[in-house]
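Worksheet for the structure shown next.
The values are calculated or read from the model by the stated rules, or taken from the named source; none is laboratory data. Because the structure is predicted, anything quoted here is derived from the model rather than measured. Quick reminder, even Gly has a Cβ in these numbers, built from the backbone with ideal geometry, and neighbours come from all protein chains shown.
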Amino acid sequence: MSRAALANFSVQWFDFSSRYYTFTTLLKYCDTAQGFIFENGRSSSNVLNMLHKLWDNQGVMRSTKAKLLLPHDRYTDFERCLIKPYLEAVGRTSWMVGFRISDAATNAEVAVVETVMVAVDEETKSKSIEIPDRDEIVKIIEENNFEPLNLGVKQTVFQDQPNENVFMHKTIVNALDCDKLGHLNNSIYATIAEEVRLLALKNGGYNNVSSDLYTKKMYLDDEYLGYLEPSIINVSYIGQAHPFDEMNVFSWCIESSDNCEFCFDFVIDSEVITKVSLIVESNYHTQRHTSSL
C-alpha cells in the first residue's frame, strides 16, 4: 500500500480569527489538498497527469459536506493543520474525495469533509464529460485501500423555500472571490451564508423558531459568545455565479428537538444556483469549555 497523501498547512491568525469563518478556511484547505492525491498513485504518469488536469482545469464541485469535531474557538489554538485527502469513489463523470483534518501538534482529528467533483468540458466549463481511463483511477482507489469516511453526517435533503418567514439579502459577486474558471469559489458560499444568517438574526429574522438557544446572543460566565455557530454544513452547487452578478440570498430555518437547520437559496436571474444548509446542534454548544485536544 502506498503512503497516503498529506498536506501540511501553516495556520495564520486570520484563518480562524472569527468563529464564523471556520468552514470557509477548512474548505479552502481541502480544495488545495485535493491536488496532493495525484502524486500518490501507482498508475502510469499519463493517468496522473490526466487526473491533475481534470482537477486543476476541468473539475467543478457539485456538493460538499463537513462536520466540525471541536468548538470553533478551539481552532485558534492550532499552529499547523494536516489534511489527508482520500480518493473514495469514481463514477462516469464524477469522483468523490474525503478529507480528514487534524492538529499537526497532537494528530487529533478536528474535522471531516467530503466533496463530489464533476469533470466538465474545457470550452464552456459547464457541460459534464466522461472521465478518461476510469478503470485506472479505480485501481488507484483499490491499491490504496481507500474507504468512505462515513462522516456521520447524512446528506441533507435540501428543503424548498417556504412561503413565509424567509429573510432576503441582496449582494454582488466579488470578482476577487472568483477562481480561474471565472466562478465564485466554492468556499465563499459558507462565508456568505454565515453573513446572511448573522444579518437575519440581528434584524429579527427566523421568528418562527421557538427556542432562544438558536436566535439570541449567548453569554457564559459573563463571557460574550455571540450567536451559536453551526457544526455541520451541506452545500449543493447547481449553477455558477460569476464576477459582478447580482445575487439574492434567501434564508429560513427549520427547528427540531436537538438542532436548528438554517437554509439558504442563492439565486441569480430567478434561478437557484446553490443551496446551503448550516446546522446548529444544541449539544455542540456545551463542548465549548469542556473539549480538549
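A few notes on this one:
- Meets criteria (surrounded by 12 or more Cβ atoms within 10 Å (Cβ to Cβ), out of contact with any helix residue (DSSP H, G or I) (no Cβ under 6 Å at 6 or more places or on another chain), modelled with pLDDT of 95 or more and acidic (Asp, Glu)) for ASP245: yes
- Every test in (1) of a type in the set (Gly, Ala, Ser); (2) at pLDDT below 90; (3) surrounded by 14 or more Cβ atoms within 10 Å (Cβ to Cβ) is passed by SER210 save one, and that test is (3).
- Qualifying residue in the range 94-116 (condition: of a type outside the set (A, V, I, L, M, F, W, C), surrounded by fewer than 20 Cβ atoms within 10 Å (Cβ to Cβ), under 22 Å from ALA241 (Cα atoms) and in contact with a strand residue (DSSP E or B) (Cβ under 7 Å, 6 or more places away or on another chain)): yes
- In the range 217-232, the condition of being under 17 Å from GLU271 (Cα atoms) and modelled with pLDDT of 90 or more is met by no residue.
- Failed criterion for GLU79 (all others in (1) over 23 Å from VAL280 (Cα atoms); (2) buried (at least 21 other Cβ atoms within 10 Å of the Cβ); (3) out of contact with any Leu (no Cβ under 8 Å at 6 or more places or on another chain) hold): (2)
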